[in-house]
Amino acid sequence: MQTKTQTGTAPAPFAESWLFFRRWLADPWAMGSVAPSSRSLRRRITREIRCEADEAVVEFGGGTGPITAAILESGIPAGRLYSFEIDRDLAGHLHRRCPGVAVIADDCRKAPELLGEALCGKVGTVVIGIPMITFPLAFQREVLDATFRILRPGGRFLLYSFMPHSPLDRTALGLRGERLGFTLRNLPPASVWGYRRAEG
């Protein structure tokens, strides 16, 4: 379920992009983009992450690991970062790229059970890299239920999207949210959104 390494090497940019593109060809709806997240998008995500000393950060949809690596570079210790990636090929790549990070090759909707009671309610930020807009509302509700079960009370999750509007129906899902950043320097151009429960 959970894999860790002590050593690792940074992937060659071409090799990583080629892996990402091959997985996109295999399942474009699940990948959502034809290329890994750019440096500009990574900066916009990491500056919005909140994580207190006793909290963790959880990523849904780690992909080839550019966001995961950026979170580490922002100062979050590897031992407090958990990345869910259901695609076995991508999970293996992420495992090699980010030593020390708990890479969980399973469905993020199982996060509360897989992370356990010790982490539920102790996650400062959840970063969602899944292209949520391509999935039905029922699936979105299940992902958000798992998200709010592990987030600290009143916590916010981040979601990056390539749509010009909110990728989540805030009314239907009981959310309040705002666009926190936008960059043209990504393929395609991307926005970072932050969401909380509406009643929070």
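Just so you know, all these numbers are worked out from the coordinates, no wet-lab data involved. This is a predicted model, so every value here is computed, not measured. All Cβ positions, even for glycine, are placed from backbone atoms using ideal geometry, and neighbour counts span all protein chains on display.
List the trypsin sites (Lys or Arg not before Pro) in segment 153-200 that DSSP assigns to loop (not H, G, I, E or B) and whose Cβ has at most 12 other Cβ atoms within 10 Å. Which are they?
R185
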Looking at segment 26-130, which GluC sites (Glu not before Pro) are DSSP coil and have at most 11 other C-beta atoms within 10 Å of their C-beta? E52, E117
Between M163 and D106, how many nm apart are label points set 7 Å from Cα along the C-beta direction? 2.9
Between L137 and A172, the two model label points (7 Å from Cα along the beta-carbon direction) sit apart by a distance in nm of 0.4
In nanometres, what is the gap between the two model label sites at R88 and R50, each 7 Å from Cα along Cα-to-Cβ? 4.0
